[in-house]
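Chemist: Below: one structure in C-alpha cells.
The values are calculated or read from the model by the stated rules, or taken from the named source; none is laboratory data. In this text, all values refer to a predicted model and were calculated from it rather than measured experimentally. Cβ placement follows ideal geometry from the backbone for every residue including glycine, while neighbour counts extend to all protein chains displayed.
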Amino acid sequence: MKTQSLKRSAILLTLASGVLMARTAPAMGAPGAVNYIEGNVSIDGAPLNSQQIGSTALRANQAIATADGKAEVLLSPGAFLRLGSNSEVRMISPALVDPRVEVVHGSALIEVDSKLKEAHLDIVEHGATASVLKEGLYRFDADQSKIGVIDGKLLVASNDQSKEIGKGKEILLDNAPKLKAVSFDRHTKDELYVWSDIRSNYLAEANASTARYISSGYGPYSGAGWYWNPYFSMYSWLPGDGFFYSPFGYPFYSLGYAPFYGGYYGSPRYFRRPLIGSAPIHGIRPGFRSTVAPRASGFAGAGGFRGGVSHGFAAGGFHGGGRR
C-alpha cells in the first residue's frame, strides 16, 4: 500500500508540474477545462461563449451540453474529450490522475495521446464503466447504448461483469446482463470524427509552436502537462520526453524534440503519419531525430535556430521576430 501511495504521489507531482505554467493563462489547464466550443454549448443550462474558453472548467457533477454545436474538454494531460451535437457529458470527478465522466446522451469521442501506467481515466455510460487501458481513440454513443474502440483498448465493466475490447470492437449495452463484443467499421468517418481530426491537427500545431517557443528560451518550463498558447487561444499538451503521435497521425513534441526547420516551425500536417490502423499510435519514427534539434540541457539557445520565431509567449502576449 505504501508503494502504491508513493507512486500515486509521484504521478500527481509529475502532472501538476506541467499545469503550473497555465496559472498565468485564463484558467488552469486541468480536467474539466473547456478548451474549445462552437455553436450552442452550455454548462448546467448557462450558455457559454468563445470568450470563456480557457477560463471555464467543469466542477464535480456539472454537465456540459450541446445543441447545434460541439465542445472540447481537457481530461488528464494528453487526453481530450470531444462532444458532438445534441449531446451531454457530466463531470463526475475532475481529479488530475483519475478523471471520471459520464456520457448522458448523444455522442462523444475521447482521444488519448498519452496515458501514464498508474493513472486512470473512466467513462460511464448507462451504468457501465469503461476504463482506458492504453492510448487510443474511443467512441461513446449513449443514445444507441454503444461503447466502441476505434484504436486502443478498454476494460468495460457492468453488472458484475467485465470485458476487455480492442480496436474495431464495440459493446452493445442493450445486450445486458451479458457483455458481448461485436465488430464494427472503425474507419467510418462521421461529422464528430472529422471535426475531432481537425481539432487534433490544431492542437498538434499549437504543441509544435509551444515546444519551439520554450526550447528557444522564451518562456518558463514546468514539466509535462497542459500549456496555454495565446496565439492559438487553447491549451495544448506538452510531453515530458520524446514525441508521440495522436491516433489521427499528428505529432506532439517535447522540448527535446521541438521542431526547427530553417525558421519554419514544422506544421504537423507535413509529418502526418498514415491514418489509424497502419502504424503504432506513438513512438519515434526511424530517422526522424536527425531532422529535429534535440535540447542538450536547459533551454535551447539560438545556435540551431534561424529565421525567427513564428509565435512567442511574451509577457504581454505574443511577439514577432525572435532570435537570429
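Chemist: In region 241-263, what residues are at pLDDT below 90 and either surrounded by fewer than 13 Cβ atoms within 10 Å (Cβ to Cβ) or in a loop (DSSP other than H, G, I, E, B) (or both)?
Modeler: D241, G242, A258, P259, F260, G262, G263, listed by residue number.
Chemist: Follow-up question, since we're still on this one. For region 168-181, how many residues meet the condition of being surrounded by fewer than 16 Cβ atoms within 10 Å (Cβ to Cβ) and either modelled with pLDDT of 95 or more or of a type in the set (S, T, N, Q) (or both)?
Modeler: So the answer is 1.
Chemist: Let me ask another. If I ask for residues that are closer than 20 Å to N229 by Cα, crowded, with 23+ Cβ neighbours inside 10 Å and of a type in the set (S, T, Y), which ones from region 41-88 would you list?
Modeler: Hit for region 41-88 is S76, nothing else.
Chemist: Quick check: anything in region 193-214 aromatic (F, W, Y), modelled with pLDDT under 95 and out of contact with any Asp or Glu (no Cβ under 7 Å at 6 or more places or on another chain)?
Modeler: Checked region 193-214: at least one residue is aromatic (F, W, Y), modelled with pLDDT under 95 and out of contact with any Asp or Glu (no Cβ under 7 Å at 6 or more places or on another chain).
Chemist: Sticking with this structure for a sec: Out of (1) closer than 23 Å to M91 by Cβ; (2) over 14 Å from the mean Cα position of the chain (by Cα); (3) assigned to a strand (DSSP E or B), the odd one out for D143 is which?
Modeler: Answer for D143: the failing condition is (3).
Chemist: Which numbered condition trips up H120, out of (1) farther than 26 Å from G240 by Cβ; (2) touching a strand residue (DSSP E or B) at 6+ places or on another chain (Cβ under 7 Å); (3) surrounded by fewer than 22 Cβ atoms within 10 Å (Cβ to Cβ); (4) free of Cβ contacts under 8 Å to residues at least 60 places away in the same chain?
Modeler: Result: H120 passes all but (1).
Chemist: Here's another thing I want to ask about it. Sort out which residues of region 189-215 are surrounded by fewer than 18 Cβ atoms within 10 Å (Cβ to Cβ) and among the basic types (K, R), and write them in order of number.
Modeler: Within region 189-215, K189 is the sole residue that qualifies.
Chemist: Taking the conditions exactly as written (under 20 Å from E102 (Cα atoms), at pLDDT below 95 and in contact with a Ser or Thr (Cβ under 7 Å, 6 or more places away or on another chain)), does P26 satisfy them or not?
Modeler: Taking the combined requirement at face value, the residue does not satisfy it.
Chemist: Of the residues L155, L137, only one is of a type in the set (A, V, I, L, M, F, W, C), in contact (Cβ under 8 Å) with a residue 40 or more places away in the chain and either touching a strand residue (DSSP E or B) at 6+ places or on another chain (Cβ under 6 Å) or in a strand (DSSP E or B) (or both); which?
Modeler: Just a single option satisfies the conditions, and that option is L137.
Chemist: Quick test for you: out of Y235, Y218, pick the one residue that is in contact (Cβ under 8 Å) with a residue 60 or more places away in the chain, surrounded by fewer than 20 Cβ atoms within 10 Å (Cβ to Cβ) and not hydrophobic (A, V, I, L, M, F, W, C).
Modeler: Of Y235, Y218, the one residue that is in contact (Cβ under 8 Å) with a residue 60 or more places away in the chain, surrounded by fewer than 20 Cβ atoms within 10 Å (Cβ to Cβ) and not hydrophobic (A, V, I, L, M, F, W, C) is Y218.
Chemist: Examine region 70-78 for a residue that is under 24 Å from L179 (Cα atoms) and at pLDDT 95 or above, and state whether such a residue exists.
Modeler: No - not one qualifying residue is present in region 70-78.
Chemist: If you don't mind, another one. For region 104-125, which residues satisfy the criterion of being modelled with pLDDT of 95 or more and more than 13 Å from the chain's Cα centre (by Cα)?
Modeler: V104, H105, G106, S107, A108, D122, I123, V124, E125 - these are the residues of region 104-125 that are modelled with pLDDT of 95 or more and more than 13 Å from the chain's Cα centre (by Cα).
Chemist: A further question on this structure: Looking only at residues that are more than 19 Å from P247 (Cβ to Cβ) and charged (D, E, K, R) in region 134-167, which one is modelled with the lowest pLDDT?
Modeler: D160
Chemist: Could you list, in sequence order, all residues of region 112-134 that are of a type in the set (A, V, I, L, M), in a strand (DSSP E or B) and more than 17 Å from A95 (Cα to Cα)?
Modeler: If the condition is that a residue be of a type in the set (A, V, I, L, M), in a strand (DSSP E or B) and more than 17 Å from A95 (Cα to Cα), then A128 is the only one that fits.
Chemist: Can we say I92 is surrounded by fewer than 21 Cβ atoms within 10 Å (Cβ to Cβ), under 19 Å from the mean Cα position of the chain (by Cα) and among the hydrophobic types (A, V, I, L, M, F, W, C)?
Modeler: Yes; evaluated as a whole, the condition is true for this residue.
Chemist: List the residue pairs whose Cβ atoms are under 6 Å apart, where the first residue sits in region 96-107 and is farther than 19 Å from A157 by Cβ, the second is of a type in the set (D, E) and part of a loop (DSSP other than H, G, I, E, B), and the two are 6 or more positions apart or on different chains.
Modeler: Final answer for the pair search is H105/D143.
Chemist: So Q4 ticks every box in (1) at pLDDT 90 or above; (2) more than 27 Å from Y250 (Cα to Cα) but one. Which box is left unticked?
Modeler: Among (1) at pLDDT 90 or above; (2) more than 27 Å from Y250 (Cα to Cα), Q4 violates only (1).
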